[in-house]
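See structure below.
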Amino acid sequence: MNEILEILEKDARMTPEEIARMTGSSARAVKKTIKKFEKDGVILKYKTVINKELVKDEGTDVRALIEVKVTPKKDTGFNYLAERIYQFPEVSACYLMSGTYDLLVVVEGKNIHTVSNFVSSKLAPMENVRGTVTHFILKKYKEDGDILRQAKRDKREAISL
Amino acid sequence: MRTSKLVQNIPPSGIRVFFDLVLGMKDVISLGIGEPDFVTPWNIREAAIFSIEEGYTSYTSNKGMIELRKDISEYLKNRYGLGYDPLDEILITVGVSEAFDLAVRAIINRGDKILVPEPYYVSYGPLVTLAGGKPVFIRQSPDNGFKLTPKDILKYCDGKTRAIILNYPNNPTGVSYTRKELNAIAKVILKKNLIMISDEIYGDLTYDFDHTAFPTLAKMRERTIYLNGFSKSYAMTGWRIGYACGPKDVIAMMTKIHQYTMLCAPIMSQMAAREALKNGEKSIRDMKREYKRRREYVVSGLNEIGLPCHKPEGAFYAFPSIKNSGLSSMEFAKRLLEKERVALVPGTAFGPACEGYVRISYASSISNIKEALIRIKRFLCPQSS
């Protein structure tokens, strides 16, 4: 992967000046490349990784993985149905899968009822959906490469030769 | 108790006092650490855990497990085209530190002189002395970027000179050598009939050109003791595992001392090292890329705030001049620690010739480095911020 992308993927707050410093190029060149990535849709947006279990002011979001079996449409295959499903704001991810089912839909809700409601009243009744299996996530350990726990203390001696 | 005169005469480490100062202070950003900030890759840790579960808790052969020696032989062949016989030309040691100790003890006869280029790693001189030799320090000039030249060697050589130590990429300067530069050094070594003790522990962390292993140079294999290990490139410092390769007569002598002192390297560490060689390539590559970025960041940052710094070719150290501050290395380090809580190592820890320099380790996250640079800048010109 491009080095600028690699750096930004780890830390989106790196400034073009800092990236330039790390890669030995100029801030102007880095800015230009980033602009191009943004324009081409390679960089879609910049977000923050939040450990929601530690956010005290609201209830923890519930997340479920839903296996969906569908009957593909004649012309548009699975895309037609996938597009209808991922439009729902409750859906945080949607993948076409190999194996025993077709679509994997990740759904987030305030609580278990919102999610079941979504499945029973929106997803399952959709035309061409042949069946669903819902798996609730009980605990998150690691997400998108990030371990959901505060960084461990540096165990090294503070100084050594 | 009555103690050894030889040991008494080894000067106490002048840096210890400063170290204690650092260790006694809280919330310090440390750029003074001589080991990776990565933990050992999980597959390596897991292999060691599994080996303990499987009951690998015994001694191994003195030289180390034959399987590991074979893996090392294979690795050196693929990486550098080196051919060392796993049976009698490779010795597994408790880190390169032990390997170095064995090497000097195996070659020194009382009074032999050993050339130690300065800046040097702290243990070289004392270990040569303990082995009954006489360390002769070659002061390398900062004007030449602290690089050893063939001329330096010739200048310091006399009839009693037996060997030379070269550590590249270097701790503390990060300096390394191209094949061409090493060839020039090899020529003098041949001419003066010296033994080379080549400490290449940072060899895998070379950023701008391919690392050349010293024994691959013409006629050097038979006069080189090649030292390497897992500490730096695989982030395995605490495992204490390294190795020495060389002609079988010298490895036999080193093994003799090793078997009476260490007996063998810990079997768990040997099992971990096997996994490192088998499946560690990607981790090395990833860590190296990260170090390289930090190097660019640190070096340009230091130059910008007025601490001139050569771009180091390897390891994870920068060695800037602090002469602009008007302070001695030690004063600079102490005041920076007290005022801004940034720790680094005064150059004089690596020899008196390094007065006016400090060692900055970039085995630390970019955010730490960033914050440290801000603080050093504020320390240098308090009015500007």
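The values are calculated or read from the model by the stated rules, or taken from the named source; none is laboratory data. What you are looking at is a predicted structure, and each value in this text was computed from that prediction instead of being measured. Cβ coordinates were reconstructed from backbone atoms using ideal geometry, including for glycine residues, and neighbour counts include every protein chain displayed.
Miscellaneous remarks
- Filter result (farther than 27 Å from B:N109 by Cα and within 20 Å of the chain's Cα centre (by Cα)) within segment B:142-154: B:P142, B:G145, B:F146, B:K147
- Consider segment A:136-161 and keep the residues that are within 14 Å of chain B (Cβ to nearest Cβ) and of a type in the set (A, V, I, L, M, F, W, C). The one that is surrounded by the most Cβ atoms within 10 Å (Cβ to Cβ) is A:I159.
- Qualifying residue in segment B:26-45 (condition: loosely packed, with under 15 Cβ neighbours inside 10 Å and touching a Leu at 6+ places or on another chain (Cβ under 9 Å)): no
- From B:V122, B:V128, residue being modelled with pLDDT under 95 and either over 22 Å from B:H211 (Cβ atoms) or of a type in the set (V, I, T) (or both): B:V122
- Applying the criterion of being touching a strand residue (DSSP E or B) at 6+ places or on another chain (Cβ under 6 Å) and facing another protein chain (nearest Cβ under 8 Å) to the residues of segment B:13-33, the residue that is farthest from B:R295 (Cα to Cα) is B:V22.
- Any chance A:A64 is in contact with a Leu (Cβ under 7 Å, 6 or more places away or on another chain), surrounded by 13 or more Cβ atoms within 10 Å (Cβ to Cβ), away from chain B (no Cβ under 14 Å) and among the small types (G, A, S): no
- The number of residues in segment B:311-369 being part of a strand (DSSP E or B) and of a type in the set (F, W, Y) comes to 2.
- Here A:C94 meets each of (1) surrounded by fewer than 16 Cβ atoms within 10 Å (Cβ to Cβ); (2) under 28 Å from A:E6 (Cα atoms) with one exception, condition (1).
- Residue that is nearest to B:Y75 (Cα to Cα), among those in segment B:277-302 that are free of Cβ contacts under 8 Å to residues at least 60 places away in the same chain and surrounded by fewer than 15 Cβ atoms within 10 Å (Cβ to Cβ): B:E281
- When residues of segment B:190-212 are limited to those that are hydrophobic (A, V, I, L, M, F, W, C) and more than 22 Å from B:S123 (Cα to Cα), the one surrounded by the fewest Cβ atoms within 10 Å (Cβ to Cβ): B:F209
- Out of A:K10, A:K45, A:K56, A:K52, sole residue that is under 30 Å from A:K139 (Cα atoms) and within 14 Å of another protein chain (Cβ to nearest Cβ): A:K10
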